[in-house]
1. In angstroms, what radius of gyration and Dmax does the chain have, counting Cα atoms only?
2. At a 1.4 Å probe radius, carbon and sulfur cover how many percent of the accessible area of the chain?
3. Among Pro69, Pro22, Pro48, determine the one that fluctuates most according to a GNM of the chain built with springs between C-alpha atoms less than 10 Å apart.
4. Within 10 Å, at most 16 other Cβ atoms, and a DSSP state outside H, G, I, E, B define an exposed site. Report the longest part of the chain free of exposed trypsin sites (Lys or Arg not before Pro).
5. Show me the chymotrypsin sites (Phe, Trp or Tyr not before Pro) within the chain that DSSP assigns to loop and that have at most 16 other Cβ atoms within 10 Å of their Cβ.
6. Of Glu19, Glu57, Glu43, which is the most mobile in a GNM of the chain whose springs link Cα atoms less than 10 angstrom apart?
7. Please give the charge dipole size of the chain, origin at the Cα centre, charges +1 on K and R Cβ atoms and -1 on D and E Cβ atoms. Round to the nearest 20 debye.
8. Rolling a 1.4 Å sphere over the protein heavy atoms, what is the accessible area per residue of the chain, to the nearest Å²?
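The values are calculated or read from the model by the stated rules, or taken from the named source; none is laboratory data. These numbers come from a predicted model, not from an experiment. Ideal geometry is used to build each Cβ from the backbone, glycine not excepted, and the neighbour counts take in all protein chains shown. What goes into the accessible areas is simple: the full protein's heavy atoms, side chains included, and nothing from ligands, DNA or RNA. Shrake-Rupley method; radii C 1.70, N 1.55, O 1.52, S 1.80 Å.
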Amino acid sequence: YNESHLKFAKACRAFFQKEVAPFAFEWDESKKPPKELAKKAFEAGILPGAVGFWPTEYVGSNVAGGISPKDWDQFHEIIFVDEL
């Protein structure tokens with residue numbers, strides 16, 4: 001992993017610990033997370049990890065950890081899944 005991978009992992013971990021882990025049981029029981037989780041993930045720059053490469057003209061350059069979209073690679077997707 002390089003610097004961007006470490007920054008992205010740290011940001012993903014913080015997001016998931018705050019926004020997902022406390023509610024995981026409840027969402028598992030209800031069989032779906034709330035719709036606003038996707039918005040929070042987008043605003044935190046986490047969502048690119050779920051969708052892979054994305055055109056910056058649609059979602060801008062907001063990537064968790066402050067990394068640049070030009071530095072994005074498949075390892076970031078793996079990190080997303082691992083942290084989740």
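1. Expressed in Å, the Cα Rg and Dmax of the chain come to 12.8, 39.
2. Answer for the chain is 58 percent, counting heavy atoms of protein chains only.
3. Judging by the Gaussian network model, the answer is Pro22.
4. No qualifying site falls inside 36-84, the longest such stretch.
5. The qualifying sites are Tyr1, Phe53.
6. Glu57
7. 180
8. Heavy-atom SASA per residue in the chain reads 69 Å².
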